[in-house]
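For reference, the structure discussed in these notes is given below.
The values are calculated or read from the model by the stated rules, or taken from the named source; none is laboratory data. What you see is a predicted model, and the numbers here were worked out from it, not measured in a lab. So basically every Cβ, Gly included, is an ideal-geometry build from the backbone, and we count neighbours across all protein chains shown.
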Amino acid sequence: AQTVTQSQPEMSVQEAETVTLSCTYDTSESDYYLFWYKQPPSRQMILVIRQEAYKQQNATENRFSVNFQKAAKSFSLKISDSQLGDAAMYFCAYKATQGGSEKLVFGKGMKLTVNP
Amino acid sequence: KAGVTQTPRYLIKTRGQQVTLSCSPISGHRSVSWYQQTPGQGLQFLFEYFSETQRNKGNFPGRFSGRQFSNSRSEMNVSTLELGDSALYLCASSLRGLYNEQFFGPGTRLTVL
């Protein structure tokens with residue numbers, strides 16, 4: 001089964017500090033896409049960062065970067081210089097292909113609290 | 001550009017009824033996908049429509065169906081509602097498909113009594 005696991009349901013970080021959110025996934029595919037989405041309280045879900053599995057270089061978007069370990073099937077998100085606005089639920093997701101059909105598989109999410 | 005909109009935002013129904021939810025994607029986006037979000041199961045993929053055709057489908061019973069119109073607007077229908085269908089239903093649009101960035105709407109909160 002294609003699954004995404006976020007082992008930490010909650011984390012907290014001090015403002016301006018760095019935090020790393022973990023994500024592992026299970027797949028037999030060689031080419032796929034991975035995503036981190038952010039869902040702030042009472043606001044719409046938005047994309048944080050996207051990684052194409054065939055690209056060895058880790059994706060970065062300003063303060064957000066990933067550590068993509070393909071062999072280990074690990075896709076962690078690092079948030080540098082944390083800001084109060086980073087407080088949200090974070091979902092790791094994987095675009096799965098099975099039997100010619102595609103779907104997005106999400107982890108259970110992780111609640112990030114940023115302390116001032 | 002206007003974002004993804006969903007109507008209604010809140011809905012209360014009773015068991016056995018049916019419901020239709022609507023989603024208007026970002027202009028120019030041809031892919032619309034639907035998700036069910038619950039505290040217990042998390043976010044689950046329902047289906048994706050592209051150019052008026054259902055292109056991909058998740059593991060939900062046939063009571064969950066959808067369609068897409070020529071202007072890319074999409075509707076999702078749930079028939080014979082069950083208590084377990086209470087959830088936040090999210091719609092997302094993208095330029096071409098699930099491998100693109102998904103732009104999510106605010107969701108429709110469905111409560112089944």
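Couple of notes before you dig in:
- Filtered residue count, the stretch B:2-23, keeping only those that are under 26 Å from B:Y99 (Cα atoms) and out of contact with any Gly (no Cβ under 8 Å at 6 or more places or on another chain): 4
- Among the numbered conditions (1) within 12 Å of another protein chain (Cβ to nearest Cβ); (2) closer than 22 Å to B:L98 by Cβ; (3) touching a strand residue (DSSP E or B) at 6+ places or on another chain (Cβ under 8 Å), the only one that A:P9 does not meet is (2).
- Hey, B:S70 touching an Asp or Glu at 6+ places or on another chain (Cβ under 6 Å) and of a type in the set (S, T, Y) or not: no
- For the stretch B:68-94, a residue qualifies if it is loosely packed, with under 14 Cβ neighbours inside 10 Å and of a type outside the set (F, W, Y), and the qualifying residues are B:S70, B:N71, B:N77, B:T80, B:E82, B:L83, B:G84.
- Top-ranked residue of the stretch A:99-116 - restricted to ones that are among the basic types (K, R) and either without any contact (Cβ under 8 Å) to a residue 24 or more places away in the chain or at the interface with chain B (Cβ under 7 Å from one of its Cβ atoms) (or both), ranked as surrounded by the most Cβ atoms within 10 Å (Cβ to Cβ): A:K103
- Residues of the stretch A:4-29 satisfying the condition of being of a type in the set (S, T, N, Q), closer than 18 Å to B:G42 by Cβ and in a strand (DSSP E or B): A:T5, A:T24
- Just one of the listed residues (A:D86, A:D81) is at pLDDT 95 or above, charged (D, E, K, R) and closer than 22 Å to B:F103 by Cβ, namely A:D86.
- Filtered residue count, the stretch B:94-113, keeping only those that are modelled with pLDDT of 95 or more, among the hydroxyl-bearing types (S, T, Y) and under 13 Å from A:L104 (Cβ atoms): 1
- Just one of (1) closer than 22 Å to B:R55 by Cβ; (2) without any contact (Cβ under 8 Å) to a residue 40 or more places away in the chain; (3) among the charged types (D, E, K, R); (4) out of contact with any Leu (no Cβ under 7 Å at 6 or more places or on another chain) fails for A:K70. It is (1).
- Residue check for B:R30: surrounded by 14 or more Cβ atoms within 10 Å (Cβ to Cβ) and more than 12 Å from the chain's Cα centre (by Cα): yes
- Criterion applied to B:Q41, B:Q36 was being in contact with a helix residue (DSSP H, G or I) (Cβ under 9 Å, 6 or more places away or on another chain), within 22 Å of A:R43 (Cα to Cα) and within 14 Å of another protein chain (Cβ to nearest Cβ), and the one residue passing it is B:Q36.
- Within the stretch B:54-113, the set of residues being closer than 14 Å to B:C23 by Cβ, among the small types (G, A, S) and within 13 Å of another protein chain (Cβ to nearest Cβ) comprises B:A92, B:S93, B:S94, B:G105, B:G107.
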